[in-house]
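A short worksheet on the structure shown next.
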Amino acid sequence: MIMKLKTNTKTDLIIAPHADDDVLGCGGILHENCHVLYAGVDEEGIPNRPSRDARYAEVERVSESVGHSYQDAGLKVNRYELNSCISIIEKTINDLKPERVFIPHPSYNQDHVTVYKASMVALRPHDKNFFVNKVLVYEQPHAFFWPTHGNDFKPNYYVPIDVERKVELYELMESQVRDFRSPDHLRALARIRGGQSNCKHAEAFNIVRWV
């Protein structure tokens, strides 16, 4: 496990199935008191994917730009196991005691589904676990373009953002910039969410719990 943690006083925890999901879903709200938990970063062994060192260099560039901390749980991409995810997420929440936790919409990706399910278990009311007051689900372009019947993203909370800052962070993860989630798609989705919330650009979330 790799961790970069400057302080344990983090107000927000973003749980990301992969390194880029944090920027795609929460790039507009990333700030220095965020901590990002990546379930997996290393894509070695997957055909036509960047090296381990290249991926960590991208993660570090984003962290240096924003000032936030991060950790890599070290799970194998495309082969996440639910029980392992639950234990890692529970420990991270209990260690950091964040005010807000952002979790991924499950969509159609197997890793996203596993991390979402694990997050919901780890965040349940429990006498031995830290109770997080605010739990929100974040979205990503791929889920907007390919919805899943019965599990579509339904936003009910919006945050105005500087979309060009979000695009700049995304482009720091150069290997992850793809046509189906292009910078133009990020701008377009932010414009739609802004239109829904009476601002120019926004990120949208679904509130699971708000105390």
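Applying 0.36 nm per residue to the separation of ASN198 and LYS154 and subtracting their alpha-carbon distance, the gain on full extension is 14.1 nm. Nonpolar atom fraction for the chain, defined as the carbon and sulfur part of the 1.4 Å probe accessible area, stands at 50 percent. Charge tally around TRP210: other residues with Cβ under 12 Å, Lys/Arg +1 each, Asp/Glu -1 each, net +2. Think of the chain as a dipole: +1 on every Lys or Arg Cβ, -1 on every Asp or Glu Cβ, centred on the Cα centre; then among HIS126, SER182, ALA54, HIS126 lies furthest on the positive end. Taken along its principal axes, the alpha carbon cloud of region 78-211 reaches lengths of 44, 34, 32 Å, longest axis first. For region 111-211, applying the loop criterion from DSSP together with a ceiling of 10 other beta carbons within 10 Å to the chymotrypsin sites (Phe, Trp or Tyr not before Pro) yields no site. Residues in region 126-170 average 56 Å² of solvent-accessible surface per residue, probe 1.4 Å, ligands and nucleic acids excluded. Note on CYS85: accessible area approximately 10 square angstrom, rounded to 10, probe 1.4 Å, nucleic acids and ligands left out. Cross-link pairs exceeding 23 Å in C-alpha to C-alpha distance, out of LYS117/LYS166; LYS76/LYS117; LYS76/LYS166; LYS97/LYS154; LYS97/LYS134; LYS91/LYS117, comprise LYS117/LYS166; LYS76/LYS166; LYS97/LYS154.
Legend: calculated FRET efficiency, THR11 to GLU60, from the Cβ-Cβ distance at R0 = 25 Å, rounded to 0.05, equals 0.70.
For region 120-190, applying the loop criterion from DSSP together with a ceiling of 14 other beta carbons within 10 Å to the trypsin sites (Lys or Arg not before Pro) yields LYS128, ARG178. Using only side-chain charges placed at the Cβ, +1 for Lys and Arg and -1 for Asp and Glu, the dipole size of region 40-178 relative to its Cα centre rounds to 540 debye.
The values are calculated or read from the model by the stated rules, or taken from the named source; none is laboratory data. All values reported here derive from a predicted model rather than from experimental measurement. Because the Cβ atoms are built from the backbone with ideal geometry, glycine has one as well, and the counts that use them run over all protein chains shown. Surface accessibility is based on the protein's heavy atoms, side chains included, excluding ligands, DNA and RNA. Shrake-Rupley method; radii C 1.70, N 1.55, O 1.52, S 1.80 Å.
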